[in-house]
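These notes are about the structure you will find just below.
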Amino acid sequence: MKEFELKYGCNPNQKPSRISMEDGSDLPIEILNGRPGYINFLDAFNSYQLVAEIKRELGLPAATSFKHVSPTSAAVGIPLSDRLKKACFVDDTDDADRSPLAAAYARARGCDRMCSFGDWVALSDVCDVYTARLLKREISDGIIAPGYDPEALEILKTKKKGNYNIVKIDPAYVPAPRERKQVYGITFEQGRNNFEINEQLLGNIVTKNRDLPESAKRDLIISLITLKYTQSNSVCFAYDGQAIGVGAGQQSRIHCTRLAGTKADTWFLRQHEKVLSLPFLDTISRPDRDNVIDGYINRNEEDVTADGIWQRYFTRRPEPLTDDEIRAYLSGIDDVALGSDAFFPFGDNIERAKKSGVRYVAEPGGSIRDDNVIECADKYGMVMCFTGMRLFHH
């Protein structure tokens with residue numbers, strides 16, 4: 001296939017729209033089902049790069065959930081605890097136990113379930129039936145993978161009344177070393193970002209605490225690779241083999257850190273016993289449960305435990321999750337990793353990160369205020385690595 005005509009571009013008024021190779025060669029993809037759009041393909045090609053890079057570096061199957069050209073989470077295929085299975089809504093099946101790829105998907109899709117609503121999924125490996133069965137239950141726009149088992153493909157084809165977008169990509173495809181784009185009719189050209197994120201990048205430890213275990217190295221690598229495909233500015237919290245909070249696209253880095261930290265806190269609190277035992281009505285859908293859980297934890301648009309409201313969602317009125325309970329629960333969290341796509345200019349980022357259990361930090365360094373940031377990290381016994389490399393992505 002030399003080119004694929006899209007329904008329209010980013011917006012309905014942006015026509016004509018298509019994808020093709022600049023040199024006229026065949027596209028490195030097959031569209032097995034559906035008709036992906038412009039933003040779908042932006043998500044597909046960015047998300048596949050992310051999981052392919054994690055798999056290449058860590059040697060583990062990887063999955064990511066993308067929404068509007070940024071990852072909500074990325075994860076590798078390691079087993080889930082019973083508590084995490086319940087928080088990710090996969091405790092009613094053993095599919096996540098039967099395939100490392102399914103475990104990676106369950107983690108990635110279950111992390112920030114509100115942001116993942118209507119997502120694009122990327123898998124590093126051939127999609128198996130266990131992963132397809134988990135994916136079938138979720139609201140999603142499409143998937144990209146290097147292949148699909150026949151039964152898995154048939155399962156996925158039933159989504160969205162047969163219109164689910166399924167893309168197969170050639171895993172041997174190597175993109176051109178230069179990339180071009182136009183803005184306002186002006187062509188930009190640059191070398192493709194082939195910078196390799198690996199364990200050697202974490203060798204420059206600048207804090208007094210230099211104890212960096214293998215699990216922390218894994219999580220920092222996941223965090224940094226996730227940042228590489230996240231809209232800048234961006235900060236990513238990672239824990240237990242997955243990104244658990246991504247703050248992206250903010251002008252201020254502290255706002256990125258606060259956003260990522262709040263998402264990480266919500267991920268941890270989804271595993272609080274009060275949340276896991278919420279007495280939902282059988283009629284509540286999975287997306288509605290996501291919204292109610294977020295409201296229960298963060299008390300956003302409505303108090304879901306208030307009289308006259310709880311009856312819509314629960315069989316009985318649940319006890320609220322109090323501020324004291326939240327503080328006590330989060331104070332027990334430790335060993336979280338944090339990556340940043342550019343240097344932290346102030347220690348306030350470290351202060352906020354500490355509240356979400358961060359112990360390990362990887363950032364480029366190079367600020368005139370590095371000494372202040374290192375001093376703040378030392379105050380909390382953190383391990384901080386200066387990578388020397390910015391990871392901006394636009």
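Please treat every number below as a calculation from the coordinates, not as lab data. Computed from a predicted model, the values in this text were never measured in an experiment. Note: ideal-geometry Cβ built from the backbone for every residue, glycine included; neighbour counts use all protein chains shown.
Values for this structure:
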quantity: Globularity ratio of segment 3-172, using Cα Rg and 2.2 N^0.38 Å; calculated: 1.00
quantity: Burial ranking of peptide ranges 302-313, 28-39 (average Cβ count within 10 Å, highest at the top); calculated: 28-39, 302-313
quantity: Least to most buried among Cys10, Cys256, Cys127 (fewest other Cβ within 10 Å first); calculated: Cys10, Cys256, Cys127
quantity: Ratio Rg/Rh, restricted to the chain and using Cα atoms, in which Rh is the Kirkwood radius; calculated: 0.97
quantity: Neighbour net charge for Glu3 - beta-carbon separation under 13 angstrom, K R +1, D E -1; calculated: -2
quantity: Formal net charge of residues neighbouring Lys217 (Cβ-Cβ distance under 13 Å; K, R +1; D, E -1); calculated: -3
quantity: Burial ordering of His68, His394, fewest other beta-carbon atoms within 10 Å first; calculated: His394, His68
quantity: Computed magnitude of the charge dipole of the chain (debye, nearest 20; Cβ of K, R +1, Cβ of D, E -1); calculated: 680
quantity: Highest-MSF residue in the chain out of Thr93, Thr322, Thr266 [GNM, Cα springs under 10 Å]; calculated: Thr322
quantity: Cross-link reach list, aspartates and glutamates versus Lys181, counting only Cα pairs under 16 Å and skipping chain neighbours closer than eight places; calculated: Glu22, Asp23, Glu189
quantity: Additional length obtainable on full extension of the chain from Thr158 to Ile205, 0.36 nm per residue less Cα span; calculated: 11.9 nm
quantity: GNM result for the chain, Cα springs below 10 Å: residue of Val174, Val183, Val275 fluctuating most strongly; calculated: Val183
quantity: Rounded to 5, percent antiparallel among DSSP beta bridges of the chain; calculated: 65
quantity: Members of Lys85/Lys136; Lys2/Lys159; Lys15/Lys168; Lys86/Lys263 lying beyond 21 Å, as alpha-carbon distances in this model show; calculated: Lys2/Lys159; Lys15/Lys168
quantity: Contact order relative to length of the chain, as percent, for alpha carbon pairs under 8 angstrom and 6 or more apart; calculated: 14
quantity: Full-extension gain in nm, Glu319 to Ile284, via 0.36 nm per residue minus C-alpha separation; calculated: 10.7 nm
quantity: Partner lysines for Lys379 [C-alpha distance under 20 Å; skip if fewer than 8 residues away on the same chain]; calculated: Lys208, Lys354, Lys355
quantity: Max mean-square fluctuation residue, GNM over the chain, Cα-Cα springs under 10 Å, options Asp371, Asp23, Asp119; calculated: Asp23
quantity: Local net charge near Gly388, Cβ-Cβ under 14 Å (Lys/Arg +1, Asp/Glu -1); calculated: -3
quantity: Gyration tensor verdict on segment 273-320 (Cα atoms; rounded if a/c is under 1.5, prolate if a/b is larger than b/c, oblate otherwise); calculated: rounded
